[in-house]
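The values are calculated or read from the model by the stated rules, or taken from the named source; none is laboratory data. The model shown is predicted, which means the values in this text are computed figures rather than measured ones. Heavy atoms of the whole protein, side chains included, go into the accessibility calculation; ligands, DNA and RNA do not. Shrake-Rupley method; radii C 1.70, N 1.55, O 1.52, S 1.80 Å.
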Amino acid sequence: MQHTPPKPGKSSSATIDVFHVSDLHAGSSVAICPPHGIALEDGGRYMPSDPQKWAYARWLELIEIMRASRRAGHHVVLNFGGEFIDNNHHEITQLAALTPVDMRIVAIELMQPLVALAHEFYVEKGTDAHSGKGGEHDRVCARELGARSNPFTGQPVFSELDLDLGGVIFNFAHHISGAGNNKTAGNNIRNELIEMMLDNPAINVVLRGHVHTYADTGHNYMPARWGGVTPSWKLRDDFISRISRARRLRATVGAIQVTVQSGAFFPRPLLWQAPTAPLMTGRIQSSKRRNSPVSLRSAT
């Protein structure tokens, strides 16, 4: 679902472009990784796989989209929805690096070009499994990258953030309920938006991450309200492969862009689907075997 914003005129400086990115999961062997790889503590280096190179190329496309907004004179707001790193959780094996320090270095390196293009930068905390207790890894990365501080805690992260941008009020948070099955897909963000309408009717746009599967509320509540869930920058791992619906979906990376102009907002999903695995061909034997096995009798 996409709404086309009006073309910016002479007053393009009044246009705000909000970019919501979430779930980087740096350090996973199936997540985005810079082309020069990850430096390891013993002097070795992990080099990215082809799928990781593909994800990084899409990351560069996202940077160019943000750069175009900046060139157009728009006010660029970057929000990161949590989980900069994958962390060494649940005794998993799909890790490019085992220490959170190495992972944070990669995450900060990846985020720097986006942050450099933004006039404002905000961060929400993710889950303990990936972000650490109290969101420690998200806090460290956010501080290193210069995210705006929460006025209540003084920390550069939020559990939930309400943000007024040009008269449009956004609600950002990491967590949301599961992505559902084929019959209930998208109910998570629809329910979230409905609950927000009851709890805080002033909210216009609700943005989430966490479940790694894109969803939005479509045209149901437009033009006053809209909600979306970003995919992650981590491709399918063994955990996701256990979930039937996720296993059937093509892995997707991306972000959500919301343009605000003259008090109206226009969502734009930025989604890239990963290439599918090649179709395998079975080695079908003919009815007449080319090499008949030697019988025990003839062998003796």
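Observations on the structure shown:
- For THR15, the residues whose modelled amide H falls within less than 5 Å of its own, excluding neighbours fewer than 5 places apart on the same chain, are HIS75.
- Residue-wise HN-Hα couplings along segment 208-222, as the Karplus relation 6.51 cos²θ - 1.76 cosθ + 1.60 with θ = phi - 60° gives them from phi, are 9, x, 6, 8, 6, 10, 5, 7, 8, 8, x, 8, 4, 10, 6 Hz; Gly and Pro carry x.
- Area of THR99 that stays accessible when all protein chains are in place (1.4 Å probe, Å², to 10): 40
- Backbone amide hydrogens, once placed in the peptide plane, bring SER28 within less than 5 Å of ASP86, ALA96, excluding anything fewer than 5 places away on its chain.
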